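The values are calculated or read from the model by the stated rules, or taken from the named source; none is laboratory data. Keep in mind the model is a prediction, meaning the values are calculated, not measured. Quick reminder, even Gly has a Cβ in these numbers, built from the backbone with ideal geometry, and neighbours come from all protein chains shown. Calculation scope for accessible area: heavy atoms of the full protein, side chains included, ligands and nucleic acids excluded. Shrake-Rupley method; radii C 1.70, N 1.55, O 1.52, S 1.80 Å.
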Amino acid sequence: MVVVSAPEDAVVLAPPSPPDRPIEDVGAAVRDALRFPLAGPALESLVRRGARVTLLVESPALPIPAPAKDPRQVAVVAAAEELERLGVPTERQTILVAAGLARRPSRRSVESLVTPGFALRFHGEVAVHDAEDPGLVEVGSHAGRPFRVHPALVEADAVVSVSAAETVLHGGPAALIAAADAETIRAATAESLLETHLAPGWDLALALERALESRTRLIGASLVLDLPRLGGALRGYPYDPEAVDRVGRSRFAGAFRFLPASVRARTLSALPLEVTASAAFAGTPSVAHAEALVRSVENEAAPLDEPLDALCIGIPRTTPFLPRERPNALLAATLGLGLALRLWRNRFPVRDGGTVVLVSPLRRRFAHPTQQPYRTFFQAIRGGRDAERLAEAERGAAADPRAIRAYREGRTCHPRLPFADWDACRPALERLGTVVVAGCRDSVAARQLGFVPTHGVAAALQMAHGIAGGSPRVGFLLSPPYFPLDVGTG
C-alpha cells in the first residue's frame, strides 16, 4: 500500500463503482443464455443424448485481485448441469483447462475452477492442456501457420467454452488459442486489449474458431464480471472518493509500510473480496465474447479527456498468472506496461514521448523452479534488447529440453512466456519516452529493461517534470484492480 501526495492539478483515475444489482443467480443466467444464444443454434440443438462434450475452461488469471469464490465456478457447473438435462451425463463430459503458456494447473487448482460439491460428483474426464504435447491435432492454418489443438476439442461431438470477457485475448475465442500449440499461443498479440482492430491475436482466434467449427459443433458462454469489491479497512476503495481519502489518511496506511513483507501480504489477502457478474451471453464464442466485452467496458471504463504527460501506476506484488507468486522484475513490468497500459480505447492514455512511473521494488527474485524461464530471459538481455537478439534467445529457450520437460511436468511456465510478456510491453514502450521505477530496489534489473530507477514517487515525479520541460499533466491510476481507460480525442 503506497500513499502518494498528488499535486492539486493531478488527474486521479478511478473506475466507476460496480453495479448495485448484480446477477443473483449466475447459474440461471448461464442456462438461459445457452437456451437463447445471440447467434447460432441453442445448446439443445447442438448436442444429442449420450453425446461426448468438452467443456473448455480458461485459467482465471484475471481480474487482479481475484477472490476464492468466482462467478465462473458457478457458470461451469451450470453448463455441465444443462448438458445433464439434455441427456449428457458427466461421465460423457470432459473438462479441458487451458492456461496458455503459463504454468500448467495442479489438481488442486483445477478443482477450484468449479464448486466443491460439483467437484465431488463429477465423474467425467479432466484434462489440463499441454502446449508441447506431440499428440495435438492439426485443424487448419492461418497466414501459413498451422493450428494444432488439444484432441478433446476435435474428438468431442460438441465443445462448450465458459469464460469471462476480460480482454480480447482473455476469454471467448481466445480460450481456444490457450488450448493450442505454443507457436499459436505466442502469436496472439495486441496493441490494445480492448480494440479488436489493433489485436492480431483476435484475428488469429477468429480463424481458429472457424477451423474448429468445420470439425465439431461449438458454442460459448461469456460472463460480464464486475470489478472486485474490497471489504474491511479498504471498503469502498478505489471507487468512492471518500473511501480513498479515508484510507489515505488512516493510521493503518501510514504504519503499513513499516510492517514485514510477509505480514503485509497476509493482511491484504485476509481482507474480504468479492467479484460478481452483471450479465451472461451465449452464442458462437466470438459473438458472445464481443457483446460481453462491450458491456464490461461500458460498466468499468474511466473517462480521460486527452492523453497525459505522465502516469503513475501501482504494481501489486503478485503475478498475472496462477498460482499467484511474488513477481520478478519482468512480471512487475508486465503488470504495468503489458496489462494496465493496454486497457485503453480510442487513444493511448499517455502522449507520445511521455513518462510512466511504475511504483514497484522491481527485484530480480525468481521463485524456484516456477520462474526459472525468467532467469533465462535476464541472462539473454545482458548484451542488449534488440529484436534479433531476443528472437534468437527465444528460439534457444524453446528448444531447451529441460525447460520443456519442466513445463510439461507442471513445475514452471513455458520457456516462451517471458518473451511473450516482454512483447506485451512493447506497444507501450514504443510510445513512451521514459519509464521510471519508483521505490526500485534493484537498479541493475531496471536498467537491463531500459528503465530509470528512483528511490520514491516524489523523485520520480520531479524527473517527469524535468522531462516535460515544465508543468506536466500527471495522472494517478488508483489500482489494482486495473480497469479500462476511455481516452477522448481532445
The answer for ILE315, listing residues at least 5 apart or on another chain whose modeled amide H is closer than 5 Å to its amide H, is VAL359
Which three extents, in whole angstrom, do the alpha-carbon atoms of the range 104-226 cover along their principal axes, largest first? 43, 37, 25
How much accessible surface does SER59 have with a 1.4 Å probe, in Å² rounded to 10? 30
Accessible-area order for SER141, SER5, largest to smallest, probe 1.4 angstrom, reads SER5, SER141
Share of the chain's accessible area from carbon and sulfur, percent, 1.4 Å? 49
Could you work out the local net charge near ILE64, counting Lys and Arg as +1, Asp and Glu as -1, over the other residues with Cβ closer than 12 Å to its Cβ? +1
Anisotropy class of the range 160-228 from Cα gyration tensor, a/c 1.5 cut: oblate
Interchain or long-range residues, amide H under 5 Å from GLU325's placed H: THR319
Per residue, in Å², the accessible surface of the chain once ligands and nucleic acids are set aside, probe 1.4 Å: 42
List the residues whose amide H sits under 5 Å from the amide H of VAL11, counting only those 5 or more places along or on another chain, with H placed 1.01 Å from N in the peptide plane. VAL474, GLY475, PHE476
Phi-based couplings in Hz for the range 126-142 (Karplus 6.51, -1.76, 1.60; Gly and Pro marked x): 10, 10, 10, 4, 10, 5, 10, 5, x, x, 4, 9, 7, 10, x, 8, 8
How far, in nm, would the chain grow between THR267 and VAL137 when pulled straight, counting 0.36 nm per residue and subtracting the alpha carbon separation? 42.2 nm
VAL444/ARG395 FRET efficiency (R0 22 Å; Cβ-Cβ; nearest 0.05): 0.30
Please list ARG31, ARG72, ARG246 in order of solvent-accessible area, largest first, computed with a 1.4 Å probe with all protein chains present. ARG246, ARG31, ARG72
Residue by residue through the range 310-319, the couplings from Karplus 6.51 cos²θ - 1.76 cosθ + 1.60 with θ = phi - 60°, in Hz, x for Gly and Pro, are 8, 9, 9, 10, x, 10, x, 8, 8, 9
Once all protein chains are kept in place, ASP240 shows an accessible area at probe 1.4 Å, nearest 10 Å², of 60
What translational diffusion coefficient, in µm²/s and rounded to a whole number, does the Stokes-Einstein relation yield for the range 363-490 at 37 °C and a viscosity of 0.692 mPa s, taking the hydrodynamic radius as the Kirkwood radius over Cα pairs? 192
